[in-house]
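Data block below; observations after.
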Amino acid sequence: MNLDARALPVDTDLPERPGYRIKRRLLGRPLVTDQLHEQRLANPVAFGVLSPDCISSSAYGTEEILIELFKGGAGLAAFSLVLPLTGVILGILLMLLFSYRQVLAVYTKAGGSYVVARENFGPKIAQIAAVALLIDYIVTVAVQVAAGTVAVTSARPSVGDAFGHHGSLVLSLAVLALLLYGNLRGIREAGKAFAFPLYFFITMAGAVIITCIVREMTGHLDGVPHHIGMVSTVKGHGGLVEGVTIFVLLRAFANGGSSLTGFEAISNGVSAFKPPESRNARKVLLIMACTLAFLVGGVSWVAHITHATPFGSGYPSVISQEGRAAFGYGAVGGTLFYVLQSATALILYTGGNTSFNGFPFLANFVAEDRFLPRQLTRRGHRLVFSNAIILLAGISGLLLIATNSQVNSLVPFYAIGVFTGFAMAGFGMAKHFSRTRDPHWRRSVAINMTSGIVCSIVVAIFATTKFTEGAWVIVVLFPLMVFALIRLNREYREEAEVLGSIRPEVLTKQPNYTRHVVLIFVNELDLAVVRAIRYAQTLKPAELRAVHFELDSLATRQLQENWDRTAQTVPLEIVDVPDRRLGRASLELVARQTAMPGNHVTVILPRRGFSPALGRLLHDRTADTIARIVSRVPRAAATIIPFDTGRPEITTLFRSRPNGGAALQPASQVRAFARPGRNGETASSRNPPGDAYVADGCDAIGGLVPRVRATVTGRIHRVQLQPLANTPMLVCEIVDQTGGLELLFYGRRSIPGMVTGAKVTATGLTQSHHGVLAMANPKYTLIPR
């Protein structure tokens, strides 16, 4: 027996990429998957994270109604018309509350109207809801950030003028960058930062509404002074307002529909709640709806009694004028006014954060259904969907730039996506209840069908009344995006069909060739080619030669001279390519070789890696192109050997330990060597990820030797099924902070709970297994996660 076996070490000198070191410094240490449950949100924090978009719309919903009424010539009558229009909007809010409470009761997985539509109408129809929600989230970020900037400039107009004509845009983009950074650090940390502004705004806006109502009842409320030319008077006529057409009222109602944006955020992010998810989400939804109804109704009522008028420049805003009417112009009143504006700006800015929580979850589900790229399903450094977060911030930033951060220019893009999602949820739930016929199913069908029909009417109104103001972009883009998602899904399905068509005889068929021919395609002699030659020699082929396709005679002559001068042992073959069709020449050469009986050809392709930014611009991808062509030839394969020109070759060995151990450390536990920082700090000393540890009362794996009875506790890093003759053997590698050890279970193919990431305590006699420390058939106890 080999008594020199050692535990697997945990410390190596493998360097980390500079990009990773920068990301770690900016975002903090990476989180392991087991910590995902810690990112769940309690109800108060969930309310703060998921509700700001919906609640903050009360800050500008009333103002958007008044803008359209004044533009349509309503004049002072606008302050009377705003109340019934607000009442209609609150009625729709009530319908949505009933509908979405049923959504949360039935569908406890995040996705909202997309999941409802997919389960009831199929995946293709569900893409209508997917596109609607994706557009809604993107526009929401832009609108909320732009509206927050308006709140800042309402309090301090000099801020908007600090950067000239684009001052508001610069401020909006800076805030968007902060939202991006906060969300890349993780949901829980973003929730802690973004929950406070919601409660702050509710407190201040509620104080404005209550103060104005009390002052009106006591006769001490002064109206807002109007500027000449801002308000035109109109006359009543037959119970209607002369000059105010139905079309104007519909436009004002469409603008006011922006007050309901963000209402679907809770259903889209239900999986972020702590268990029981459905019950907690329904509680928060009810609280959010009641709060929104109070604020929207209150702001409209105060506008009605104070005649707070929207300005063409966008500031001061209606709610800021109401704040002046409530608090006055004294020292205390002025202070409270600035506090109100601070709360409004914060809630509007953080309202965009709702999309940063909902958009990644939605994109993940759509991508899991193979209607969006798979990259959107991957969790990043801090267990968030980083790719989706970055994509959302990028598109929203472009939208802000295109509209110069003007809220009124963004509103036409807004409500079509929002109410399309509402309609899909209503129709989907109606079909669900008509199919399942649960108790009171007729009432549920009526509620959801009414919600779907009303929301569809709102979409039609908005598309018609706002078509010339920018809604045409959404009307045109919407079906194109639905078609693009369905086309992408068809591509994924065709790929899966090709890759999954494995016949049993393919798996059991043994290779039938007697000669292995290896060809190394070279264009010059450099370190990349030398590495490829070394690799090819390890294959021990029957025939090995380098091949150069001559496109330039001078380059060919230079290559031959270098080949001779360096005394290469591999023969060099020159192939003439007069028509410069490199791919075709490669195909013909490989086809000729495979045509010989018993031949199997492997083509080795050196590929030089360059910097990601300039490398793709300055260099082509010839190796990838040739590999695709060669792979189509029967009995031929292509192997690409990468060589990174921007990084030195890793030649360092594993850091030695007291017991002399040396073996590859699992990737999740590597404490990588990095260049020392200003205080001598290295990457390996900065809180390595993972939760492997040396438990109390257990032996350190790194200090064990063979033929010792020991008890160890560690995290399962690797699970492997190894056939031993005709008897299977399950191998589990566990690690703690000092080293790694293999647990060998003879005759077992699997053990319930013995999976990667699980924690286990094992007791047994240590031994050597292929030079690595191991325990055979130990007693074990799985530690609950």
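Go through (1) outside any loop (DSSP other than H, G, I, E, B); (2) more than 19 Å from GLY182 (Cβ to Cβ); (3) open to solvent by 10 Å² or more (accessible area, probe 1.4 Å); (4) in contact (Cβ under 8 Å) with a residue 24 or more places away in the chain one by one and return the number of the condition LEU372 breaks.
Condition not satisfied by LEU372: (1).
Regarding PHE327, is this residue over 37 Å from the mean Cα position of the chain (by Cα), surrounded by fewer than 24 Cβ atoms within 10 Å (Cβ to Cβ) and within 14 Å of GLU63 (Cα to Cα)? Step through it out loud before you land on a result.
On the way: over 37 Å from the mean Cα position of the chain (by Cα): yes; surrounded by fewer than 24 Cβ atoms within 10 Å (Cβ to Cβ): yes; within 14 Å of GLU63 (Cα to Cα): no.
So PHE327 fails the test.
For every residue, the table says whether it meets (1) within 30 Å of THR436 (Cβ to Cβ); (2) open to solvent by 10 Å² or more (accessible area, probe 1.4 Å); (3) in contact with a helix residue (DSSP H, G or I) (Cβ under 8 Å, 6 or more places away or on another chain).
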position: ILE65; (1), (2), (3): no, no, yes
position: LEU97; (1), (2), (3): yes, yes, yes
position: THR108; (1), (2), (3): yes, yes, yes
position: ALA117; (1), (2), (3): yes, no, yes
position: ALA130; (1), (2), (3): yes, no, yes
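Every residue, every condition in (1) surrounded by 10 or more Cβ atoms within 10 Å (Cβ to Cβ); (2) modelled with pLDDT of 85 or more; (3) among the aliphatic types (A, V, I, L, M); (4) assigned to a strand (DSSP E or B), yes or no:
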| site | (1), (2), (3), (4) |
| --- | --- |
| GLU505 | no, no, no, no |
| ASN512 | no, no, no, no |
| LEU519 | yes, yes, yes, yes |
| ARG531 | yes, yes, no, no |
| ALA546 | yes, yes, yes, yes |
| LEU554 | no, yes, yes, no |
| GLU573 | yes, yes, no, yes |
| SER586 | yes, yes, no, no |
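Name the residue, out of ALA303, ALA281, that is in a helix (DSSP H, G or I), crowded, with 23+ Cβ neighbours inside 10 Å, in contact with a Ser or Thr (Cβ under 6 Å, 6 or more places away or on another chain) and at negative phi. Give the steps one after another, and end with the answer.
Numbers: ALA281 fails: in contact with a Ser or Thr (Cβ under 6 Å, 6 or more places away or on another chain).
ALA303 is the lone residue from the list that is in a helix (DSSP H, G or I), crowded, with 23+ Cβ neighbours inside 10 Å, in contact with a Ser or Thr (Cβ under 6 Å, 6 or more places away or on another chain) and at negative phi.
Which count do you get for residues in segment 396-421 that are out of contact with any Asp or Glu (no Cβ under 7 Å at 6 or more places or on another chain) and outside any loop (DSSP other than H, G, I, E, B)? First the steps, then the outcome.
The initial filter retains those residues of segment 396-421 that are out of contact with any Asp or Glu (no Cβ under 7 Å at 6 or more places or on another chain), namely 396-410, 413-416, 419-420.
Now restrict to residues that are outside any loop (DSSP other than H, G, I, E, B): 396-403, 407-410, 413, 415-416, 419-420.
Qualifying residue count for the region: 17.
Are there any pairs with C-beta distances below 9 angstrom linking a residue in segment 467-486 that is surrounded by 13 or more Cβ atoms within 10 Å (Cβ to Cβ) to a residue that is hydroxyl-bearing (Ser, Thr, Tyr) and part of a helix (DSSP H, G or I), with the two at least 6 apart or on different chains, and if so which?
Once the first residue is surrounded by 13 or more Cβ atoms within 10 Å (Cβ to Cβ) and sits in segment 467-486, its partners that are hydroxyl-bearing (Ser, Thr, Tyr) and part of a helix (DSSP H, G or I) give GLU469/SER409; GLY470/THR403; GLY470/SER409; ALA471/THR464; ALA471/THR465; PHE478/THR420.
Consider PHE263 against the criteria (1) at pLDDT below 85; (2) not in a helix (DSSP H, G or I): it satisfies all of them except one. Which criterion is unmet?
(1)
How many residues does segment 152-177 hold that are of a type in the set (A, V, I, L, M, F, W, C), modelled with pLDDT under 80 and part of a helix (DSSP H, G or I)? Break it down stepwise before answering.
Within segment 152-177, the subset of a type in the set (A, V, I, L, M, F, W, C) is 152, 155, 159, 162-163, 169-171, 173-177.
Filter again for modelled with pLDDT under 80, leaving 155, 159, 162-163.
Those left that are additionally part of a helix (DSSP H, G or I): 155, 159.
The total comes to 2.
Checking the conditions here, which among THR781, THR738, THR766, THR761 is within 42 Å of the chain's Cα centre (by Cα), hydroxyl-bearing (Ser, Thr, Tyr), crowded, with 18+ Cβ neighbours inside 10 Å and modelled with pLDDT of 90 or more? Step through it out loud before you land on a result.
On the way: THR781 fails: crowded, with 18+ Cβ neighbours inside 10 Å; THR738 fails: modelled with pLDDT of 90 or more; THR766 fails: within 42 Å of the chain's Cα centre (by Cα).
Checking each option against the conditions leaves just THR761.
Under the condition of being small (Gly, Ala, Ser) and buried (at least 24 other Cβ atoms within 10 Å of the Cβ), which residue from segment 394-416 is modelled with the lowest pLDDT?
Narrowing segment 394-416 to residues small (Gly, Ala, Ser): 394, 396-397, 402, 405, 409, 415.
Pick out the ones that are also buried (at least 24 other Cβ atoms within 10 Å of the Cβ) and you get 396, 405, 415.
On the way: SER396: 92, SER405: 82, ALA415: 76.
Selected residue: ALA415.
Hey, ILE89 hits all of (1) in contact (Cβ under 8 Å) with a residue 12 or more places away in the chain; (2) farther than 22 Å from THR344 by Cα; (3) assigned to a helix (DSSP H, G or I) but one; which does it fall short on?
For ILE89, the exception is condition (2).
The values are calculated or read from the model by the stated rules, or taken from the named source; none is laboratory data. The structure presented is a predicted model; accordingly, all values stated were derived computationally and were not measured. We place every Cβ from the backbone using ideal geometry, glycine too, and count neighbours over all the protein chains shown. Note: areas computed on protein heavy atoms with side chains; ligands, DNA, RNA excluded. Shrake-Rupley method; radii C 1.70, N 1.55, O 1.52, S 1.80 Å.
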